[in-house]
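Right, one structure below, let's go through it.
The values are calculated or read from the model by the stated rules, or taken from the named source; none is laboratory data. Here the structure is a predicted model, which is why all the values come from computation and not from measurement. We place every Cβ from the backbone using ideal geometry, glycine too, and count neighbours over all the protein chains shown. Side chains are part of the model used for accessible areas, which takes the heavy atoms of the whole protein and leaves out ligands, DNA and RNA. Shrake-Rupley method; radii C 1.70, N 1.55, O 1.52, S 1.80 Å.
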Amino acid sequence: MDEMEEELKCPVCGSFFREPIILPCSHNICLACARNILVQTPDAESPQSSRASGSDYDYLDLDKMSLYSEADSGYGSYGGFVSAPTTPCQKSPNGVRVFPPAVPQPPPQHHLLGHPGSLPPIPRNSCLTCPQCHRSLILDERGLRGFAKNRVLEGVVDRYQQSKTAALKCQLCEKSPKEATVMCEQCDVFYCDPCRLRCHPPRGPLAKHRLVPPAQGRVSRRTSPRKISTCTEHELENLSMYCVQCKMPVCYQCLEEGKHGTHEVKALGAMWKLHKGQLSQALNILSDRATEAKEFLVQLRNMVQHIQENGVEFEACLVAQCDALIDALNRRKAQLLTRVNKEHEHKLKVVRDQISHCTVKLRQTTGLMEYCLEVIKENDPSGFLQISDALIRRVHMTEGQWGKGTLTPRMTSDFDLTLDSGPLLQTIHQLDFIQMKVPSAPMLQLEECCTINNSATLSWKQPPLSTIAVDGYILELDDGNGGQFREVYVGTETICTVDGLHYNSTYMSRVKAFNASGVGQYSKTLAMQTSETGQSPCDMQTLATVAWFTFDPASAHPDIILSNDNLTVTCNSYDDRVVMGNSGFSRGVHYWEITVDRYDNHPDPAFGVARVDVLKDVMLGKDDKAWAMYVDNNRSWFMHNNSHTNRTDGGVSEEATVGVLLDFTRGILIFLINDEQQGPVAFEGIEGLYYPAVSLNRNVQVTLHTGLPIPDFYTPEEADLSGSVC
């Protein structure tokens with residue numbers, strides 16, 4: 001019940017309602033608070049006819065004179081009058097802005113509010129604005145007494161307050177009254193259990209008394225004098241009827257004299273029960289919504305927990321991945337440092353070896369030089385000449401050992417290694433999250449999936465709350481005979497219509513989604529049945545498809561004029577123009593008829609079948625995409641790829657009927673005029689996907705008839721392909 005407390009508080013004073021009144025906008029306000037927020041308007045600018053606070057409340061007109069100020073979202077002087085007083089706004093305890101009365105008034109005496117006569121009179125042309133919806137109205141001569149008191153709300157407030165107060169005491173205990181357990185509505189006395197057994201035994205005349213809980217008894221005691229409500233228009237009359245048009249209780253005098261005389265009225269008790277039932281039903285629905293909201297909150301709280309857990313797990317995974325990258329970089333760093341150290345040691349070894357070698361040679365050269373200098377100092381010519389040749393050779397040999405390249409360093413001091421860190425640094429900068437998962441399996445929307453004749457429409461969507469990106473979808477169908485699935489659509493759309501399916505077949509369909517990470521799981525498989533088949537009247541062993549279709553305005557030449565729900569066509573050109581049906585056939589036996597509604601000046605309309613890419617601006621059969629019979633008022637011809645064959649006597653006129661029989665079981669096409677076969681079998685070897693087609697000009701108007709059974713005379717097993725049909 002604590003959640004109900006806000007509903008029991010006045011929007012102006014913020015306290016529990018005290019003698020609440022019902023405003024025409026269905027909101028409630030304390031009677032004293034209503035007096036406090038009244039605003040008086042000038043007499044000279046008041047409306048010609050004062051508006052009562054009853055059912056003639058005109059929201060549209062009053063909206064134009066609203067007291068609501070859009071500047072401060074509070075309540076101001078009457079917006080329709082220039083000379084209306086303006087006063088600073090205040091805030092009530094619950095945050096609603098209100099204005100003090102224009103004339104100072106003494107503080108409200110709540111114990112006098114039940115006696116309107118004890119209060120100062122309401123000024124003329126007073127305005128009252130609802131503090132919740134900001135709708136305003138002008139009070140009539142009755143003032144606030146013209147508003148009905150909300151006794152139901154008052155009773156609820158009393159019961160709520162009683163449930164919050166201390167326990168009631170027994171009125172018959174002599175010493176230390178005990179807590180009361182019951183109250184007798186007839187005796188109007190509160191009893192504890194011992195006093196009730198002693199003073200109010202359940203026998204004799206007292207057995208008929210009604211005992212109620214103390215809180216309910218106190219509320220009943222306070223509300224019992226007010227059980228009978230009186231009319232606001234006629235204070236001496238009780239409310240006994242309900243005005244359906246004004247949606248308010250009325251009295252007998254209101255019906256006899258007042259404005260409700262011509263309105264529909266019903267018994268107050270019946271409407272009371274009806275509205276109680278309606279409120280109960282609405283509460284049941286609202287209760288279901290509240291239950292769903294509670295379950296949804298539980299789901300959201302679980303999501304919060306899961307998000308926190310997944311966040312911690314994902315953060316740990318991210319740290320682990322980055323640490324792994326750092327470890328790999330450190331290992332690579334160690335490997336590169338090893339290479340640098342090896343290069344360093346190699347350079348030092350080469351240079352040191354060269355230093356050692358050069359030092360030895362320099363020592364030898366220096367010793368030889370010093371020896372030669374000492375020999376040169378000898379003054380004995382013969383002794384000098386004995387060794388001079390050998391010394392000269394040794395000096396030349398030693399000098400030759402210091403030849404070209406000997407004094408050149410074998411190794412440079414520079415390290416010819418450059419670390420190429422650019423690509424790795426760029427990769428680190430580009431390090432980001434990518435889609436880690438493939439899409440979830442799509443959900444087929446069964447309410448939007450359907451079949452029409454030999455076309456199937458499928459619709460799907462991603463599961464709710466799915467946040468995985470989807471780049472596209474793949475729709476697959478089998479062959480209608482339990483065979484392998486094949487792709488029929490790949491794209492970003494979530495709805496697809498597949499045409500040209502076989503009649504009388506069950507197709508299995510499924511769809512899956514894909515993104516950069518891969519292809520997701522398939523949806524559930526859906527079985528779709530194309531148009532039903534029916535048995536021909538001839539007791540045929542083969543099934544004949546009964547198909548319903550119309551002419552297709554999307555595939556028709558622009559000069560074609562369609563009417564009668566696309567069943568009747570004509571043309572606004574003297575040249576022949578083609579129109580096709582909206583369904584194609586690829587197997588089964590099919591029959592349809594076309595009646596000639598208008599036939600002027602002996603034109604040559606053509607009837608037959610065509611591929612989807614047939615020419616639309618020439619007679620049917622002029623190209624290799626159509627197989628047709630064209631006919632005038634005397635003769636007919638079969639035509640395909642501009643080849644005319646099998647001229648047959650017998651033409652058409654107004655009200656004539658042309659039949660087309662397409663049999664895929666034998667691969668033949670037969671034409672009829674007025675229920676009689678026209679010529680031999682027109683075409684053989686028919687296979688593939690064909691659409692019914694007609695070509696005509698402005699002198700002809702025809703109407704299509706579909707869903708027809710195969711003619712009685714025709715049985716495919718006995719058809720004479722040379723011309724006769726049994």
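Restricting attention to the range 672-718, the residues being outside any loop (DSSP other than H, G, I, E, B), in contact with a Gly (Cβ under 7 Å, 6 or more places away or on another chain) and buried (at least 20 other Cβ atoms within 10 Å of the Cβ) number 6. Return yes when Lys342 is modelled with pLDDT under 90 and open to solvent by 100 Å² or more (accessible area, probe 1.4 Å) and no when it is not. So Lys342 fails the test. Exactly one residue among Leu318, Leu236, Leu274, Leu286 is at pLDDT below 85 and either part of a strand (DSSP E or B) or not polar (S, T, N, Q) (or both), and that residue is Leu236.
Right, Leu385: part of a helix (DSSP H, G or I) and open to solvent by 100 Å² or more (accessible area, probe 1.4 Å) or not? Considered against the rule, which asks whether it is part of a helix (DSSP H, G or I) and open to solvent by 100 Å² or more (accessible area, probe 1.4 Å), Leu385 comes out as yes.
Looking at this structure, is Cys127 in a strand (DSSP E or B), at negative phi, modelled with pLDDT of 65 or more and open to solvent by less than 50 Å² (accessible area, probe 1.4 Å)? Spelling it out, Cys127 is indeed in a strand (DSSP E or B), at negative phi, modelled with pLDDT of 65 or more and open to solvent by less than 50 Å² (accessible area, probe 1.4 Å). Count of the range 239-250 residues, restricted to those that are open to solvent by less than 40 Å² (accessible area, probe 1.4 Å) and either in a loop (DSSP other than H, G, I, E, B) or in contact with a Ser or Thr (Cβ under 6 Å, 6 or more places away or on another chain) (or both), is 1.
Residues of the range 569-579 that are of a type outside the set (Asp, Glu) and open to solvent by 10 Å² or more (accessible area, probe 1.4 Å): Thr570, Asn572, Ser573, Tyr574, Arg577. When residues in the range 1-56 are screened for being surrounded by fewer than 17 Cβ atoms within 10 Å (Cβ to Cβ), among the small types (Gly, Ala, Ser) and at pLDDT 75 or above, 3 of them pass.
This table checks each residue for (1) of a type in the set (A, V, I, L, M); (2) surrounded by 15 or more Cβ atoms within 10 Å (Cβ to Cβ); (3) modelled with pLDDT of 95 or more.
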site: Met629; (1), (2), (3): yes, yes, yes
site: Asn642; (1), (2), (3): no, no, no
site: Thr645; (1), (2), (3): no, no, no
site: Ser653; (1), (2), (3): no, no, no
site: Asp663; (1), (2), (3): no, yes, no
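Screening Glu378 against (1) open to solvent by 100 Å² or more (accessible area, probe 1.4 Å); (2) part of a helix (DSSP H, G or I) leaves a single unmet condition, (2).
The criterion of being free of Cβ contacts under 8 Å to residues at least 24 places away in the same chain, surrounded by 13 or more Cβ atoms within 10 Å (Cβ to Cβ) and under 26 Å from Trp548 (Cα atoms) does not hold for Lys616.
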